[in-house]
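The values are calculated or read from the model by the stated rules, or taken from the named source; none is laboratory data. Small disclaimer: the values here were computed from a predicted structure and weren't measured. Cβ coordinates were reconstructed from backbone atoms using ideal geometry, including for glycine residues, and neighbour counts include every protein chain displayed.
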Amino acid sequence: MNRMKTMSVSALFFLGTLGLGSAYAAPSAHHMTKATEITGCLQQGPDAKEYLIQATDGTTWGVNEADMHMNNYVGKTVTVSGDQMRPTAAERTDGGASHYLQARDIVVESQSCQK
């Protein structure tokens, strides 16, 4: 009898952890989870910690950063790598950018932007 209770409790815990694991595995709705690299001229965006990159192919990217001090690279040609994001409602109405990126890394390619 005791053994049956122990097995039942163990099975419940096991099944409960399967559901919990899948809940944490779900991707964020904001991130598209596709690694991307953009090279271009970094400019200050409309808000703090938001920047714009005019890419070499002519597209404009909105770049969000967290603790990377990207303001040190404004006016330089950089390559930013990160995850593509779906724009929030505020980002869609700001205009200026057609694509969005959550920055993970930045490399300076040139100390100035090529005009």
Among (1) in contact (Cβ under 8 Å) with a residue 40 or more places away in the chain; (2) of a type in the set (S, T, N, Q); (3) more than 20 Å from residue 114 (Cβ to Cβ); (4) touching a strand residue (DSSP E or B) at 6+ places or on another chain (Cβ under 8 Å), the one test that residue 88 misses: (4)
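Can you name the residue in segment 80-90 that is polar (S, T, N, Q) and surrounded by 15 or more Cβ atoms within 10 Å (Cβ to Cβ) and is also nearest to residue 108 (Cα to Cα) among such residues?
81
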Residues satisfying the stated conditions in segment 63-75, i.e. more than 20 Å from residue 110 (Cα to Cα) and either in contact with a helix residue (DSSP H, G or I) (Cβ under 8 Å, 6 or more places away or on another chain) or at pLDDT 85 or above (or both): 64
Of everything in segment 36-58, what is hydrophobic (A, V, I, L, M, F, W, C) and either outside any strand (DSSP E or B) or farther than 16 Å from residue 96 by Cβ (or both)? Give them in sequence order. 48
